[in-house]
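Before any comments, here is the structure.
The values are calculated or read from the model by the stated rules, or taken from the named source; none is laboratory data. These numbers come from a predicted model, not from an experiment. Because the Cβ atoms are built from the backbone with ideal geometry, glycine has one as well, and the counts that use them run over all protein chains shown.
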Amino acid sequence: MEEQKQQTDEEQEQRDGSQQTDTCDYEPSAEQQPLPEGDVDHTDPEQVAAATDELTKWRELALRTAAEYDNYRKRCVKEREEFTRYATRSLLEEILPIMDNFEMGMQMAEKEKGSMIYIGMEMVRKQLADFLAAQGVQKIETKLGDLFDHNLHEAIQSEPSDCEEGTILRIIRPGYTLKGKLLRPVNVVTAGTKQDEAAVEA
C-alpha cells in the first residue's frame, strides 16, 4: 500500500515538473526574434532605402524649422530694438507744435533781448533744444533757394517765380528727424512751373 502511494507521488511530481517546464518564460535567440515595429531589416535593400529617404526628409525638416526659428528670433530682436528706439516718437510729435509756438513767442520777445522775460524764455528754449537733442531729434537744415526734396520737404503751395521749378521760396514750418528718420517734414512754398505763371497772367 505504501509502495503504491510512493509511486503515485513520484508520478505527480513528474507531471508537475513537466507543467513547470511548459509554462516557463522562453526567449528565442536574437536571430529567431521578429523585428520590432519600426526597425529596419538591414538585409532588405527596399527597407534600407525607405528608411534612408525618411531620415533625409526628417533631417531637412529639422534644418528648415531651425532656420525659420532663427529668422523669427532675429526678426523679434530687430522689432524690439526698433520699438525701443522709436518708442517716444508720438510724444515728440506732440511736443513739436509747442516748440513752434514757443519760437513764435521768442521772435516777438526779441525786441527786448535785455529783458528778464526774454532771458528766461531763452533759457527754456535751450532746455527744450537739449531735451530734443537727447532724444535724437535734429532740425532739418533748409535754406531759401534749396531745391525741393520729397524726402524732407512738404510743399504746401507753389508760386510763380523766375527761379528754377521746385526752388524753395519760403519756409513755413521747420522739420525734424528722429535718429535719422523723418519725424516731421519741412513745410515750404516752392517755385511753380511756367504753366502756372501763364495761368496767373491770364
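Side notes on the structure shown:
- Exclusive hit being buried (at least 16 other Cβ atoms within 10 Å of the Cβ), in the same structural domain as G192 (by TED's automatic domain parsing) and not hydroxyl-bearing (S, T, Y), set D162, D146: D146
- Qualifying residue in the range 112-135 (condition: within 30 Å of F83 (Cα to Cα), touching a residue at least 24 places away in the same chain (Cβ under 8 Å), in contact with a strand residue (DSSP E or B) (Cβ under 9 Å, 6 or more places away or on another chain) and not in a strand (DSSP E or B)): yes
- Matching strands (runs of 3 or more DSSP E) fully within the range 137-179 where at least 1 residues are basic (K, R) and within 24 Å of M99 (Cα to Cα): 137-139, 168-173
- Qualifying residue in the range 159-177 (condition: under 27 Å from A133 (Cβ atoms), at pLDDT below 90 and under 31 Å from the mean Cα position of the chain (by Cα)): no
- Some residue of the range 92-105 being outside any helix (DSSP H, G or I) and under 33 Å from the mean Cα position of the chain (by Cα): no
- Top-ranked residue of the range 55-110 - restricted to ones that are under 21 Å from M121 (Cβ atoms) and of a type in the set (G, A, S), ranked as modelled with the lowest pLDDT: A109
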